[in-house]
Amino acid sequence: MSLFFIVALPFFGALFPGVMNSAGRAACAGVTFTVTLAAFFGLLTNLPQILADDVVTARLDWMPALGLNFTLMLDGLGFFFAFLILGIGLLIIAYARHYLSRDDNMGEFFTYLLLFQGAMVGIVLSDNILLLLVFWELTSLSSFLLIGYWKHLPEGRQGARMALTVTGMGGLAMIGGMLILGQIVGSYDLSVILQNRELIQADPLYVPALLLILLGCFTKSAQFPFHFWLPHAMAAPTPVSAYLHSATMVKAGIFLMARMWPVLSGTPEWFAIVTTAGLVTMVLGALIAIFKHDLKALLAFSTVSHLGLITMLLGTGTAFGAMAAVFHILNHATFKAALFMSAGIVDHETHTRDIRRLGGLRHLMPVTFVIVTLAALSMAGIPFLNGFLSKEMMLEETTHTVLFGLPWLVPSLAVIGSLFSAAYCFRLIGHVFMGPVRDDYPASPHDPGPGLWMPPAILVVLVVAIGVAPFLAEPFVKLVTASLLGGEADVPKAYFKIWHGLVPALYMSVAAVVGGLLLMLIYKPLLHLWETTPRPEAKTIFEGLIEAFAGLARAVTAGLHTGAFTRYAFIGTITILAAGYHAWTTGTLAGTTRELQSAGFVPVAGWLMLVAACGGLVFLHRNRLLSLILIGIVGLMVSVGFVFLSAPDLAMTQFTVEVVTIILLLLALNFLPKRTPIESTVLLRVRDASIAIAGGLASFALAFHYMLRDAVDAPISGFHLANSYKGGGGTNVVNVILVDFRGFDTYGEIIVLGIAALLIYALTETLLNGPVRARLLNRTPDRPVAGDMHPMMMVVLTRVIMPVVLMVGFYIFLRGHNEPGGGFIAGLVVSIAVVMQYMASGFAWTTARLRYPYHGIIGAGVLVAGLTGIGSWFVGKPFLTSDFTYVRIPPFEKFELATAALFDLGVFLAVVGAVMLSLESFSRLARRADMEDSEHPMDIDPSRDDPPQDKAGQMSEGG
Amino acid sequence: MEFLVASAIGAMTTAGLYLVLRLRTFPVILGMSLLTYAVNVFLFASGRLTIGAPPILRDDVSTYTDPLPQALVLTAIVISFGMTAVIVMISLGAFLGSDDDHVDDQAEPGPQSDGDRS
């Protein structure tokens, strides 16, 4: 099966469990199992090539310009990890089916699990390091979802957050490291990078790249000092812990170190950092594990310790160390996943994971006892179990490893680590299963059904099989080792044997096991000592650090973002002015190339009105209603100016937008205070005025200089003028630019408009569902309302005029391609027609007659425009390529049919929907409890008993 | 003509800036609208001013005004309506929620207050 399918299957499969959720738990688990099984078999079909030492590749160009390609590669190492991921995944899925309770949403769980599985397979099969990074981040995200699967548990949420913070930070560092690596080699393809050991190690950027990549690996694989997140991630459901934290995710860092081993290892830096980190992690993790009372916490720290062991082996940089690491990865995955699942069984049956409350389960849960005992003894390094073999190889390797010039350091620490390791294994068996049967278990324990114990049992069979007959695993491990070494070193000749003779490793092994047993004998005093010794608590430190960073961010944000908008506007204006002044004084000014055009009486009159309105706005803005009228004058003059300056489309748009804007502001003013009080001092106003005048002068100067000079280069408008009819089939160049030449822009803009309208709708909903609702409903208007709520004249007039307006809108829409008009303007015109109905006949009347919701109209508009664009794909053209033809249906004249018109229809619909949704949202706020929603026009509001007092009372009738 | 348009832009900018620097939401909204006009007219003027030559192709006409700024400004006008509506909604929501239409956060009693309003 193609590698693409193996990677893609879990991702596509992730769609199914959620959909199958209602089909029942078995179906849900079944489909997940099937998907994983398919991927697993797909992987196995590639086995012959792997055995023949071939590398299977699959390539798909994604963004070649960036060096980011979907390149996959399957070699021995990748096969090994993918095999673990999918194989153990199958067991976990079967186990989870029986583990999760009825209250857990199984579809959600399996969706996350498959996403995670796909991301993991993606990591181990990536041939492109950028692609690998994408999958790497995906594992961080999907594991976040999995760890926090029990959302109701605070530990789950905190653990998930901590895991995401730590691994996400490492991921960021790794992106930097990988990019440096790619820059050094000049390619992001792993297969190329792996060929360039000398080039990379000679580069001055080798050390930074190494440090960054190792940071990513160490955080992911929970190496000291980043080991603390793993135990907290144990708040996840046990199948997650068994999968992510024993066999897969924490091995991702190990995998990457193994993958990069040929090019990164062998230098003093690699050796010192990786070996030290591994050793420290191994000893520390094992030590903490001994004193953990939570079953899963014990296993978590033992995982940390074993990951340290593997890291240390990779750090030695020798071929034998690498082989031992590969072997231990295999062994650890088998016994640790079995142990995690068994811990889940114990938890499931006794309802506690606290070792102090357990004991004597040997008789009550014999099957679980056997499984745990075999797996734990393997972890402790007892002969005839697979853990013994790889641990022996590790000890053997340490005797040849000299760190910091001290030949005894690594071996003795390794023995200490193994001793601790043996101790917690014995504790696991002794304190949970041995001893007398107790009568105070939280639940009555007994062995679960085979659905739960079968998956770990299968793994334990492997543990024993490899332990008794190591030669079974030898060829496979050597194959994987060969691909790990990548030709940089030869695969060691050593055979996998239980008995190597009386070698130092054997004595070390015996010392560790005996020491572990002795440690258990004096466990009580040791525990007391441990608990009285003060030691740093990683979680507290982590939370302190996070709090410190958050405090820093808060201080910076609070200092800059004070909520004083006026100050932002002030600073912004000054900055822009300063930048403009700088450009003005340092730049050169070419001579004028255009003549001033004379202005007749009409433009001067219009200008006078505009300037007067602007001045009036400044001086009279405290009267808000008056200032609305004044801004209406400004808008009107701008529209007239557009007409005068050869822009009929703009004039029509500006004019119609003006109407809806004023209506909108009136609706808002209905609630807002009607006057602006005097608050700022004279000094402040003088300051603001001087800034404003400076800004105005600057923009005047800029515009004036601009208009008297021709463009430096010939504008592209000539192209549009020349091709509008030939290429776009329309004579209104502005409209052709909108719907054809720059249709993509327009498409984006109608989407923005739609989003703005939806935002307004959402804000209104929030207001109406919050505490504001009561206040709005019981509001008494601050000025008398009209007694005649729906004046007859207006009602009749608007209803009569409605079809006429719609026809005008239709006409403007249709002629848009050739004459001023088009979807934007038609949309605004039609909106005004509908708004008039709201104003005249009331909200309830209009809403009752409304067949389509405005959201739907926006959506339909965007959809129509988008589908028009997609349509051009079917004829092999790029998105939004337009076409047109002329048809003649007797007795009509010949007319044009253009796909652009369809696009314009989308624009039209989106504009109508957006404008109407905004205005409707505002008017919904105005409904009150004391007013009946009347369906009838021309009704009289009897509450109005006082005569009209002020002329401003007319405003509630609307503009 | 150029002088008239440029000075109109200047006047609208001046009034807009002054209003934007006020302390209540409503004048700020008006100021933003004025700035929108100014910017739109400025962008429009970047096609230079042409009288009586609309960009509608005719057989017997050879000079046209620059259509490109017009197309860009047309969408800008519609979008600015959407944006104005959003600001109005936000300010309205703020006013209804707190009975206060100041644009700046008001100083509250307590350690958090830094009533630094310019």
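The values are calculated or read from the model by the stated rules, or taken from the named source; none is laboratory data. Computed from a predicted model, the values in this text were never measured in an experiment. Neighbour counts run over all protein chains shown; Cβ positions are idealised from the backbone, glycine included.
Descriptive notes on the structure:
- Flag if A:L502 is within 17 Å of A:P411 (Cβ to Cβ), in a loop (DSSP other than H, G, I, E, B) and either out of contact with any helix residue (DSSP H, G or I) (no Cβ under 6 Å at 6 or more places or on another chain) or at pLDDT 80 or above (or both): yes
- A:I693 vs. criteria at the interface with chain B (Cβ under 9 Å from one of its Cβ atoms), surrounded by fewer than 17 Cβ atoms within 10 Å (Cβ to Cβ) and under 30 Å from A:G816 (Cα atoms): no
- Qualifying residue in region B:46-64 (condition: of a type outside the set (G, A, S), more than 7 Å from every other protein chain (Cβ to nearest Cβ) and under 15 Å from A:A651 (Cα atoms)): no
Here is a yes/no grid of residues against (1) farther than 30 Å from A:D788 by Cα; (2) over 38 Å from the mean Cα position of the chain (by Cα):
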site: A:G822; (1), (2): yes, yes
site: A:V835; (1), (2): no, yes
site: A:G842; (1), (2): no, yes
site: A:A865; (1), (2): yes, no
site: A:I870; (1), (2): yes, no
site: A:W873; (1), (2): yes, no
site: A:E893; (1), (2): yes, yes
site: A:L902; (1), (2): yes, no
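- Being under 25 Å from A:R815 (Cβ atoms), among the aliphatic types (A, V, I, L, M) and either more than 7 Å from every other protein chain (Cβ to nearest Cβ) or part of a helix (DSSP H, G or I) (or both) is a property that holds for A:L738.
- Qualifying residue in region A:135-145 (condition: in contact (Cβ under 8 Å) with a residue 40 or more places away in the chain, under 22 Å from A:F16 (Cβ atoms) and crowded, with 24+ Cβ neighbours inside 10 Å): yes
- Residues being in contact (Cβ under 8 Å) with a residue 24 or more places away in the chain, out of contact with any Gly (no Cβ under 8 Å at 6 or more places or on another chain) and over 30 Å from A:G728 (Cα atoms) - total across region A:848-880: 1
- Cβ pairs under 6 Å, 6+ apart, first in region A:473-484 and without any contact (Cβ under 8 Å) to a residue 60 or more places away in the chain, second surrounded by fewer than 24 Cβ atoms within 10 Å (Cβ to Cβ): A:E474/A:F496
- Candidate set: region A:676-732, residues that are within 17 Å of B:A15 (Cβ to Cβ) and in a loop (DSSP other than H, G, I, E, B); chosen: the one modelled with the highest pLDDT: A:T676
- Residues in region A:396-409 that are modelled with pLDDT of 80 or more and surrounded by 23 or more Cβ atoms within 10 Å (Cβ to Cβ): A:E397 alone.
- Neighbours by Cβ (under 8 Å, 6+ apart or cross-chain): first from region A:8-25, outside any helix (DSSP H, G or I); second of a type in the set (G, A, S) and crowded, with 20+ Cβ neighbours inside 10 Å: A:A14/A:G118
- Filter result (facing chain A (nearest Cβ under 7 Å) and aliphatic (A, V, I, L, M)) within region B:9-29: B:I9, B:A11, B:M12, B:A15, B:L17, B:L19, B:V20, B:L21, B:L23
- Scan region B:4-61 for residues that are in contact (Cβ under 8 Å) with a residue 40 or more places away in the chain and β-branched (V, I, T) and the total you get is 6.
- Looking only at region A:721-735, residues that are closer than 14 Å to B:L74 by Cβ and either aliphatic (A, V, I, L, M) or facing chain B (nearest Cβ under 7 Å) (or both) come to 3 in all.
- When B:A76, B:A11, B:A94 are checked against the criterion of being buried (at least 24 other Cβ atoms within 10 Å of the Cβ) and in contact with a helix residue (DSSP H, G or I) (Cβ under 8 Å, 6 or more places away or on another chain), a single residue qualifies: B:A11.
- Boolean, A:R567 is within 14 Å of another protein chain (Cβ to nearest Cβ) and at pLDDT 90 or above: no
- Single condition A:S680 does not satisfy, out of (1) facing chain B (nearest Cβ under 7 Å); (2) surrounded by fewer than 22 Cβ atoms within 10 Å (Cβ to Cβ); (3) in contact (Cβ under 8 Å) with a residue 24 or more places away in the chain: (3)
- Taken together, the residues in region A:774-800 that are in a helix (DSSP H, G or I) and loosely packed, with under 15 Cβ neighbours inside 10 Å amount to 9.
- Selection within region B:25-48 - crowded, with 23+ Cβ neighbours inside 10 Å and either of a type in the set (D, E) or over 17 Å from the mean Cα position of the chain (by Cα) (or both): B:G47
- Taking region A:334-364 as the range and being of a type in the set (A, V, I, L, M, F, W, C) and surrounded by fewer than 24 Cβ atoms within 10 Å (Cβ to Cβ) as the test, the residues that pass are A:I355, A:L358, A:L364.
- Tally of residues being closer than 18 Å to A:W270 by Cα and assigned to a helix (DSSP H, G or I) across region A:185-202: 7
- Any hit, region A:591-606, residues being facing chain B (nearest Cβ under 9 Å), assigned to a helix (DSSP H, G or I) and either in contact with a Ser or Thr (Cβ under 9 Å, 6 or more places away or on another chain) or surrounded by fewer than 19 Cβ atoms within 10 Å (Cβ to Cβ) (or both): yes
Listed here are the residues, each with its yes/no results for (1) modelled with pLDDT of 85 or more; (2) touching a helix residue (DSSP H, G or I) at 6+ places or on another chain (Cβ under 7 Å); (3) within 7 Å of chain A (Cβ to nearest Cβ).
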| residue | (1), (2), (3) |
| --- | --- |
| B:F81 | yes, yes, yes |
| B:T84 | yes, yes, yes |
| B:S98 | no, no, no |
| B:Q106 | no, no, no |
| B:S118 | no, yes, yes |
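- Of the residues contained in region A:638-645, one or more are found to be part of a helix (DSSP H, G or I), among the aliphatic types (A, V, I, L, M) and surrounded by 21 or more Cβ atoms within 10 Å (Cβ to Cβ).
- Reported count of residues in region A:60-97, each being more than 15 Å from A:V240 (Cβ to Cβ) and either part of a helix (DSSP H, G or I) or more than 25 Å from the chain's Cα centre (by Cα) (or both), is 18.
- Residue that is modelled with pLDDT under 90 and assigned to a loop (DSSP other than H, G, I, E, B), where the choices are A:K251, A:K296, A:K292: A:K292
- Checking each residue in region A:646-666 for being part of a helix (DSSP H, G or I) and either facing another protein chain (nearest Cβ under 7 Å) or crowded, with 24+ Cβ neighbours inside 10 Å (or both) picks out A:P648, A:D649, A:L650, A:T653, A:Q654, A:T656, A:V657, A:V660, A:T661, A:L664, A:L665.
- Enumeration of residues in region A:702-715 that are more than 44 Å from the chain's Cα centre (by Cα), touching a residue at least 24 places away in the same chain (Cβ under 8 Å) and surrounded by 14 or more Cβ atoms within 10 Å (Cβ to Cβ): A:H705, A:M707, A:L708, A:R709
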